[in-house]
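Here is the structure we will look at.
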Amino acid sequence: MATLSTKPGQRFSVPDWHTSSRLLSADAERQRSASHQVRQEARALRNETNNQTKWDEHDNRTRLAERISSVNRWKETLDKCLTDIDVEIDALAKVKEAVERALQAKNLPLEVSIECLTLRESRRAVDVVRDPVEEELHKEVKAIEKVKRELQQRVNEAFDQLCRLQGARQELGCDHRRKVEALEIDRVCLSLSTNSPNISFKVNPTRVPGRSTALEEWEHNSQYNKENAEAEMKASAELREAALLLMAQTDNELEAQRAATEFALRKRIRDLERASDELKWQEQNTLEEIAELEEEIRRLEEDLRRKMQALKVAQTRLETRTCRPDGELCRDQVQYGLTDEVHQLEGTIRALKQKLVESQAALDALYRQLHRIQTDLGCKANSLVLDNKCVDSRRKLVVPAEKFVPEVDTFNRTTNR
């Protein structure tokens with residue numbers, strides 16, 4: 001007999017089936033509603049972000065263009081400053097060379113006076129004195145040396161100013177090169193688009209570089225370089241005017257001083273001759289005193305030898321009497337007398353030695369004095385020769401200067417900077 005098979009599982013009722021259908025419909029409605037809301041929000045977000053991206057890119061492109069324009073204006077300003085400073089450097093270098101030539105031209109008028117001063121530097125000992133001759137010689141060269149010092153100062157100032165101009169130009173050049181490089185970079189950035197082949201994601205692109213500066217600092221740096229260059233160019237122009245004015249000045253004071261110098265030189269020669277005669281007389285008297293003092297020293301030495309012998313006798317007597325037997329070893333009048341004699345002789349010997357030392361010192365002082373006198377005589381003779389050479393050398397001053405142009409400029413004082 002056949003039977004129906006029974007399927008395993010739970011059996012749902014009809015109301016449950018209807019309830020399940022309604023729930024599925026409600027869930028489908030909610031999901032479609034949520035999906036519709038998401039689609040609407042996504043569409044709004046796309047529109048908003050597209051607009052935001054478009055305007056951000058437009059604003060930044062505008063900022064890049066304005067930045068390029070600003071940097072380019074500074075570049076053109078620096079171009080002009082560089083041109084001006086190059087012109088000023090060239091002008092100042094030419095003025096410096098002209099001042100150096102003017103300084104070189106001042107050497108010849110000083111040659112004779114410096115030669116005389118150099119000759120008189122060979123004086124010895126006490127004759128190396130700032131006498132009227134030397135004073136007049138220094139006065140003679142004072143005017144030209146003052147001009148030379150001022151010219152040398154202008155050369156030094158021009159050199160220092162050239163260094164400052166070069167430093168300012170170097171700063172301008174570095175700033176100019178940086179702006180050219182920045183312009184190239186910003187122009188490349190301005191040319192980029194979403195279709196450019198060389199765009200890619202970067203690691204931490206929003207980081208702030210360690211060497212970055214604020215916009216105000218960038219502006220201040222360029223302004224400072226420009227103002228510094230302009231200030232140095234102004235100072236250079238003033239220095240050029242001062243140098244040209246100084247080179248235009250002339251000085252004619254040496255001719256009036258020459259006669260006074262020669263008068264003092266001849267007077268000095270007469271004084272040296274009189275001083276030499278006085279020293280010869282002093283030399284003779286000193287030699288006589290040395291002879292007398294040497295004789296007295298010889299006598300003191302002889303007397304000291306005799307006193308030493310007498311002291312030996314007295315000390316030998318005292319020492320010998322210490323060998324007396326115990327009972328006879330007494331302090332008698334002989335003992336006291338010999339002791340007093342020894343003390344007296346020792347005092348006498350000390351006094352004689354002291355006097356001998358004093359005499360030797362006096363003799364040494366006399367010999368030193370004699371040496372000084374003889375040295376001074378040699379100095380005076382040397383000074384006479386030198387001053388006479390100065391007289392002969394100064395005869396060149398009455399001859400036109402162009403006949404005495406030296407082959408080698410020994411007294412060139414131009415500083416080779």
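The values are calculated or read from the model by the stated rules, or taken from the named source; none is laboratory data. Values in this document were obtained by computation on a predicted structure and should not be read as measured data. Glycine also receives a Cβ, built like all others from the backbone with ideal geometry; neighbour counts cover every protein chain displayed. The area values use the complete protein model at the heavy-atom level, side chains included, leaving out ligands, DNA and RNA. Shrake-Rupley method; radii C 1.70, N 1.55, O 1.52, S 1.80 Å.
Residues in region 14-50 that are over 30 Å from residue 194 (Cα atoms) and of a type in the set (Gly, Ala, Ser): 20, 21, 25, 26, 28, 33, 34, 35.
Assessment of region 330-341 against the conditions (out of contact with any Lys or Arg (no Cβ under 8 Å at 6 or more places or on another chain) and surrounded by 13 or more Cβ atoms within 10 Å (Cβ to Cβ)) yields at least one matching residue. Within region 118-130, the set of residues being surrounded by 15 or more Cβ atoms within 10 Å (Cβ to Cβ) and at pLDDT 85 or above comprises 119, 120.
Taken over region 187-236, the residue count meeting the criterion of being closer than 21 Å to residue 173 by Cα and open to solvent by less than 90 Å² (accessible area, probe 1.4 Å) is 17.
Give the number of residues within region 302-359 that are outside any helix (DSSP H, G or I) and either at pLDDT 85 or above or of a type in the set (A, V, I, L, M) (or both).
Step one: filter region 302-359 for residues outside any helix (DSSP H, G or I), giving 322-332.
Restricting the remaining residues to those that are either at pLDDT 85 or above or of a type in the set (A, V, I, L, M) (or both) gives 329.
The number of residues fulfilling the criteria is 1.
As a summary of the residue check, residue 287 satisfies the conditions (1) open to solvent by 100 Å² or more (accessible area, probe 1.4 Å); (2) hydrophobic (A, V, I, L, M, F, W, C); (3) within 57 Å of the chain's Cα centre (by Cα) except for the one numbered (1).
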